[in-house]
Amino acid sequence: MAELAAAPRVWGGRARLLAWLQEYGVYASVLALLLFNVVFTPHFLEVANFRTQLIQVAPVVITSLGMALVIGTEGIDLSVGAVMALASAMVVLYLGYGAPVAIVAALIAGAAAGAAGGALVAHVGVQPIVATLALLVGVRGVANVLVPQLTEFRNPTLITLGSRSVLGLPLVVIVAAVLTVLVAFLIKRTIFGRQLVAVGGNRAASRLSGLPVRRVLVTVYVISGLLAAVAGVLATSRLQASDPTSLGLLMELSAITAVVVGGTPLTGGRVRVLGTVMGALLIQLLQATLIKHNLPQSWTQMVQAVIILAAVYAARGRRA
Amino acid sequence: MATAVLEARGISKGFPGVLALDDVSFRLDAGQVHALVGENGAGKSTLIKVLTGVYRPDRGTLLLRDEPVTFDNPLAAQRAGISTIYQEVNLVPQMSLAHNLLLGREPCSRLGVIDTTQLYAEAERVMTRYGIRTDVRRPLCSLGMGTQQMVALARAVSIEARVVIMDEPTSALEPREVDTLFGVIADLRSEGISVIYVSHRLDELYRICDRVTVLRDGRVAHDGPLGELARVELVALMLGRDPAEIRRDGATRFTGEHTTTAGEPLVEARSVSRRPVLRDVSVQVRPGEVVGLGGLLGAGRSETAKAIAGALQVDAGTVTVAGQQVRRGSPAAAIRAGVSLVPEDRKAEGIVPTLSVRDNIALAALPQLSRSGVVSDARIDRIVDSFMRRLRIKAASPYQKVSELSGGNQQKVLLARSLATGAKVLLLDEPTRGIDVGAKAEVQALIDELAAEGLGVLLISSDLEELVEGADRVVVLRDGAVAGELSGDQVTEEAIMATIAATGETDG
């Protein structure tokens, strides 16, 4: 049953449109939403408003970057919100030794949580959704035990981190931007990045080609945990308090939405870093727009649902 | 003449780009064990799927006891008395043997509750008949493959099957379990139940089958009583050769002789075993030599290549490259030692469809093409460019997605990936299957060229002509063991077929 040479792909107009949508839809949507706001929303162009939007979206962007890497390997990380809470708890726990120590402790905790998830996925063979679901529950539990109630702090260094601006840009936003560039570099230019997408695209082929499949998988989850911890530290420094019960709640859903809307396929083998950032921005802008026009939160959720479905539909049509 | 229990007349079935069955007729008589054989892609699975209602034929008719029928779905075929036992036993592993056996027909009390006492008693009675004495309350997954197979068989028969289709039923069985299975098949036959038996083990076919149908490229190559067919004739038919006269003209692009340096072997596999697929297989390849691996489907050819490439866990045996032992079970270690595999299944184990041609070629060589973890685009461009030109890979650009290329070009991409690692030994598993004639000739010429440059090549091919003209030496495998080795003038299609057909020593 000789498999004939692959027929040249003839795309119909609809399929081409879907392909375009998956590729550039998120940019077009962000642009359209911006234009809409410029015209219809009073005070939208004011600097203060932009700052607020960017500061709010920064933690989402950072966790979404990690999520994009995990999804690139055909996995998923449901634990990111819980890891943010854990990082926040670690910060107040170790703040007595100074802010740098506290931050490092938080990052280590995040990486450790990621390593646990990665080990379950890569070495035990647990499905990513199950492994990280266990972490979602367990890690938030640990965070709640460490810091049982909302705890405020007055460490000047940490507060500075959350409120300071450099050259007019909030530090939080700068961190998010730097991390975006780093992750883009990781994916495009490093062995690890190239191996990551290969493992997501075809695990058996990657193994036969001698790629360290397990090491790649563990590392991906460690990075995701680390980035979630960074987001947790930043969110804590802005709040000037640690609240492990509510910090990062449902963040995993925002992150997955940003990644999917940004055009990264859930089937793995591809990571779109800038698309992910745009995905996070799109959701943020959407929320802001609806709030500014006095529409209830429930509207945001419904519109969000439509956008997710549109993104998934575009991805499906592409493959068919 | 006995009545036909099941008959297919002039069946054709096509898929996009492929005609899987072309005017195939097949007749199964009552109480017969009918062998259905053919190499990969011959159309066996498609025919079985047509007979069991999974596929609807494009043309042709099915007759059940001389009445035309159409099966809308597998359940309809099952209701008509046609049962299939697949290679992978499809039962519920966590449920008990008894529950599996009587699934959907459990004896119930008046309230509709399953009567477990009766269930276990009934299950025990059935299994004893099949020579299985075990606790029927144990979960199925805790039992051996042979027992599981027997449960599947018992289940198939107990739903009043008139036809039982067995697809490679012995591939996971121990010799003792095979004997039990054959005993049961003999019982079935005496009860007038017909069996379609799919297997590539000649010994088994000749032991239990009455009749044989050989499929080749979607057509019936032969149909008749098995007893009248010599083993070597059957092998010739399966491999697509006319048993009467075997052509000797060269249609491949191999030039034939390589100047084999009689030096130390580049790679040597010693007594590699992995039960039940490989037993004591030893192969060596010298620099500049093309060694062919011959044998029927399931003889252990791909497994041998994978064992050498570190991609198959082995129970025993060693692989050495240039005298150095290679760490077992690690493809990375094998690649570092200079051994690279181009797998048979391009789609599942070869290409990474989401990546470009460039990324696919560079994939295995990334560590060599980078400095402290950062890849060097310049170096990748250079190596990709040179291989794309040398192998004449036809792509719009190096950045085109590999999934958009033709099969032949995808194959060349995989060859380039292996070569880019600086491999000294290439293990090529069916390198020309499913690619167009032009690409086939190019790949064959390339194999010659690489051998001439001093590479060692292990060539697996079901195409006898390719094997004879391409290989300097052919190791023939049968049922997971080396059946013989041919070199020099001995390498002929007849000799390979004779070696495959020779009666295997009874194992155990």
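Peptide B:340-349 has a mean of 3 when you count, residue by residue, the C-beta atoms of other protein chains within 10 Å of its C-beta. Could you grab the relative contact order for segment B:91-159? Cα pairs under 8 Å, six or more apart, rounded to a whole percent. Relative contact order, segment B:91-159: 42 percent.
Taken over the Cα atoms of chain B, the convex hull encloses 178 Å³ per residue.
Loop only per DSSP, at most 15 neighbouring Cβ atoms within 10 Å: give me the GluC sites (Glu not before Pro) in segment B:1-105, ordered by residue number.
Working: sites: B:E7, B:E39, B:E88; in loops: B:E39, B:E88.
Hits after loop and neighbour filter: B:E88.
For chain A, a Gaussian network of Cα nodes joined below 10 Å ranks A:A87, A:A102, A:A228 by mean-square fluctuation, and the top entry is A:A102.
Answer rounded, prolate or oblate for chain A, using the Cα gyration tensor with square roots of eigenvalues a ≥ b ≥ c: rounded when a/c is under 1.5, else prolate when a/b is larger than b/c, else oblate. Judged from the Cα gyration tensor, chain A comes out oblate (a/c at least 1.5, b/c at or above a/b).
As a rough footprinting exposure proxy, the listed residues B:I435, A:I291, A:I191 were ranked by other beta carbons within 10 Å of their own, and the order from fewest upward is A:I291, A:I191, B:I435. Over all distinct Cα-Cα pairs of segment B:23-100, the Kirkwood formula returns a hydrodynamic radius of 14.5 Å. Mean sequence separation of contacting Cα pairs (under 8 Å, at least six apart), scaled by the length of chain B, corresponds to a relative contact order of 15 percent. Residue by residue, segment B:60-65 carries 3J(HN,Hα) couplings of x, 10, 10, 10, 10, 6 Hz when phi is fed to the Karplus relation 6.51 cos²θ - 1.76 cosθ + 1.60 (θ = phi - 60°); x denotes Gly or Pro.
The mean count of C-beta atoms from other chains within 10 Å of the C-beta of residues in B:361-367, rounded to a whole number, is 5. Membrane-span-like helices in chain A, defined purely by DSSP H runs whose alpha carbon atoms cover 18 Å or more axially and whose average Kyte-Doolittle hydropathy reaches 0.0, are A:13-40, A:47-72, A:80-94, A:99-119, A:128-146, A:171-189, A:213-239, A:273-292, A:297-319. Inter-chain Cβ neighbour count for B:371-377, averaged per residue, equals 4 (cutoff 10 Å, partner chain atoms only).
Distance from the C-alpha centroid of segment B:291-319 to that of segment B:1-80: 34 Å, rounded to the whole angstrom.
For B:D58, nonlocal amide neighbours, meaning residues 5 or more places apart or on other chains whose placed amide H falls under 5 Å from its own, are B:S12, B:K13, B:G14. Counting every alpha-carbon pair across segment B:91-159, the share separated by more than 18 Å comes to 28%. Shown for A:M302, A:M251: other C-beta atoms within 10 Å of each C-beta, ranked fewest to most, produce the order A:M302, A:M251.
Using the alpha-carbon positions of segment B:267-501, Rg (one decimal) and Dmax (whole number) come out as 17.3, 55 Å.
For the options A:Q149, A:Q195, A:Q304, a Gaussian network treatment of chain A with springs between C-alpha atoms closer than 10 Å singles out A:Q149 as fluctuating the most. Here the Debye sum runs over all C-alpha atoms of the protein assembly as shown as equal scatterers in vacuum, and log10 of I(q)/I(0) at q = 0.07, 0.11 Å⁻¹ comes out as -0.69, -1.28.
Take every Cα pair under 8 Å whose residues are at least 6 apart in sequence, average their separation, divide by the length of segment A:47-319, and the relative contact order is 35 percent.
Readers should treat all values here as calculations from the given coordinates under stated rules, not as data from a laboratory. Because the structure is predicted, anything quoted here is derived from the model rather than measured. Ideal geometry is used to build each Cβ from the backbone, glycine not excepted, and the neighbour counts take in all protein chains shown.
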